[in-house]
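To start, the structure under review is shown below, and the notes come after it.
Every read-out reported here was derived from the displayed coordinates using simple, explicitly stated rules and does not represent laboratory data. Fair warning: this is a prediction, and the values are worked out from it, not measured in the lab. Neighbour counts run over all protein chains shown; Cβ positions are idealised from the backbone, glycine included.
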Amino acid sequence: MPRYAMVIDLRKCIGCSACTAACSTEWDVPVGYRRTRVSHTGEIGKFPDVSASVFVDQCNHCDDPSCVKPCPTGATYQGADGIVQVDRDVCIGCGFCVEACPYDARHIDPFLKKVDKCDFCSARTARGELPACVTTCTAHAKYFGDLEDRSSEVFSMVYERGAKRIETEDVSIGPNVYYLGSERQLDLVATHYPPRQPRMPAAGEWWSQVLKPLVLTAVGATFAGQAVAFFYQLWKGEEQFEE
Amino acid sequence: MGAEATGIHTIPGHPEPLTPEQAGRMAQKQIKKHHVAMILLHWFNAAVWGMEVVTGMALITSEYFRVAPWWFIDMVERFFGGRANLLQFHIAVGLTWITVFLIYGVFGARTYLSKEVLDKEVALDRDDFWWMIIRTLRLLGLSKKPLPPQGSYNAGQKMFALVVYAMVPVIMVSGLIMTFHWFSTTVVGWAVVAHFVAVGVVVSGLMVHVYMAAVFPEEKPAFFSMFTGNVNELFAYHHHFKWWREYKMDEAAWKRKIAQKGAGAPDDDGASNKERD
């Protein structure tokens, strides 16, 4: 079974946003929303000790995705190939997964009112094509492939050339978008765009921590009471004539 | 009780012991408890609840919120051929339910939802309060006191009705919010929670409702009345005395009216009836 990953070479990226445009066009992403974003750290330091980096982010299709568990209906799920998918026919637009993603890679589509995000262009890859952002990248900075395939470019970049994940000690869920760059660039990106703690909205907290246990206790207690009454009824028997 | 309760003055104000003959006669006589529209609505509602609770439980798969075991979720999902179909079915049945209740509300409000009916059939009175205490003590074997007289619905049924009246709008509105993604994402998130809690509260009461109606021996005539529309008079006398009394008063008034018509009396039950009383 393949395990898909993407590698972005920050040394090559020129920040042209062609990947964002291609993605938005390919998937009809509404204006103002993005499945993949290009950011710039701005100049850091003083001449001659100046550094800067472009950063491209999208859904990381993490090994242990924090967005899957909070989805009430199972609309967000991880396929056997590791790609985190959204079944829009099942999504109710509650936004729990949006809060849960530490990379803020999800948004609610303002027209469909359902969640949207990068799916590594599953429809294209199923046809044997590369993701739209990879084919469009003007600087050839994006690579996509199978980490299980030792002959793939991404395998070599991740396991031989040391492409890095953007993680912190607190948030380490195995993102499958890797970055190549100078040490300084990678430090800058890790400092400026670190993953945040996954959040659960208040509604979800109340549901899981308070209301679900209460409802289950109420239903369980009622059921137990009914069971006792039923066995008492069996023991007592029914009378032929009512007084 | 007097010989034959045909006149208002012979109808007892409180339950009195019956002779075996009276009890036997009353057990044979059927009196109307539910209209056909109410019976159909009840079973439509029961079918909807059965389908919606099953599909609703199977729809919640999150590790944080799941209530049904995986084998159940898989079974229901396979039956519907996928989660999308399952959700569509849940929504379709829910919208049908709302539509039917709206129609019922518009056309049946005067008959079933008037203040007079709600006061009589839903609002709790002092007898209901004591009924609940004594009923509980009797179930626990701690009391042998007779139960206070009840109207057409007993206090337990009224309590359940009040819970349902409070929760059904929550279920409907939260369902509509989720279906049509009204308002903000935050509101949709809270709607999911409200939907779950309101259904959970009703299901707790529903379990008692189903047990008392279908399994509890003393209430069996009430269960069958949801098919036939009728209960026997003896059951009404013992379990719904206040309603039985009202029925007898209406019956006595009707008999007097018929008798007056037969005697050529004017066709109104106004002054002439009062004079006669």
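A few remarks follow.
- Ranking of A:Cys16, A:Cys94, A:Cys121 by neighbouring Cβ atoms within 10 Å, starting from the fewest: A:Cys16, A:Cys121, A:Cys94.
- From its DSSP helices (H runs of at least four residues, each -39,500 (n - 2.57)), the protein assembly as shown gives a residue-normalised ellipticity at 222 nm of -15500 deg cm²/dmol.
- Length-normalised contact order for chain B - Cα pairs under 8 Å, 6+ apart - percent: 28 percent
- Among A:Arg199, A:Arg127, A:Arg35, sorting on how many other beta-carbon atoms sit within 10 Å of each Cβ, with the fewest leading, yields A:Arg127, A:Arg199, A:Arg35.
- Computed from Cα atoms, the angle from the helix B:70-80 axis to the main principal axis of chain B rounds to 80 degrees.
- Relative contact order (%) - criterion: Cα under 8 Å, at least six apart; region: the stretch B:51-119: 28 percent
- Euclidean distance of C-alpha centroids, the stretch A:97-166 and the stretch B:200-236, integer Å: 59 Å
- Given B:Lys145/B:Lys255; A:Lys12/A:Lys117; A:Lys69/A:Lys113, the pairs whose alpha carbons are separated by over 31 Å: B:Lys145/B:Lys255
- Prolate/oblate/rounded label for the stretch B:65-187 (Cα gyration tensor, a/c 1.5): oblate
- Protection-proxy order for peptides A:229-235, B:85-91, each taking the mean of Cβ atoms within 10 Å per residue, highest first: B:85-91, A:229-235
- Chain A: DSSP helices with Cα axial extent of at least 27 Å and average Kyte-Doolittle hydropathy no lower than -1.0: A:212-236
- Counting only other chain Cβ atoms within 10 Å of each residue's Cβ, the peptide B:28-40 averages 0.
- From the Kirkwood radius over Cα pairs of the protein assembly as shown, Stokes-Einstein at 4 °C and 1.567 mPa s returns a whole-number translational diffusion coefficient of 46 µm²/s.
- Taking packing as the residue-averaged number of other Cβ atoms within 10 angstrom, the listed peptides A:58-69, A:38-49 run from highest to lowest as A:58-69, A:38-49.
- Inter-chain shielding of B:82-93 (mean C-beta neighbours from other protein chains, 10 Å cut-off): 3
- Volume per residue of the convex hull around the Cα atoms, evaluated for the stretch A:4-192, comes out as 127 Å³.
- Percent RCO, i.e. relative contact order, over chain A, from Cα pairs under 8 Å lying at least 6 residues apart: 25 percent
- Distance violations [Cα-Cα > 25 Å] among A:Lys236/B:Lys32; A:Lys142/A:Lys164; B:Lys115/B:Lys242: A:Lys236/B:Lys32
- Peptide A:88-98 shows a mean partner chain C-beta count of 6 within 10 Å per residue C-beta.
- GNM top mover of A:Ala126, A:Ala100, A:Ala218 - chain A, alpha-carbon springs below 10 Å: A:Ala218
- For chain B, the Kirkwood estimate of the hydrodynamic radius, built from every pair of different alpha carbons, is 22.0 Å.
- Listed from fewest to most Cβ neighbours within 10 Å, the set A:Glu99, B:Glu246, B:Glu219 follows the order B:Glu246, B:Glu219, A:Glu99.
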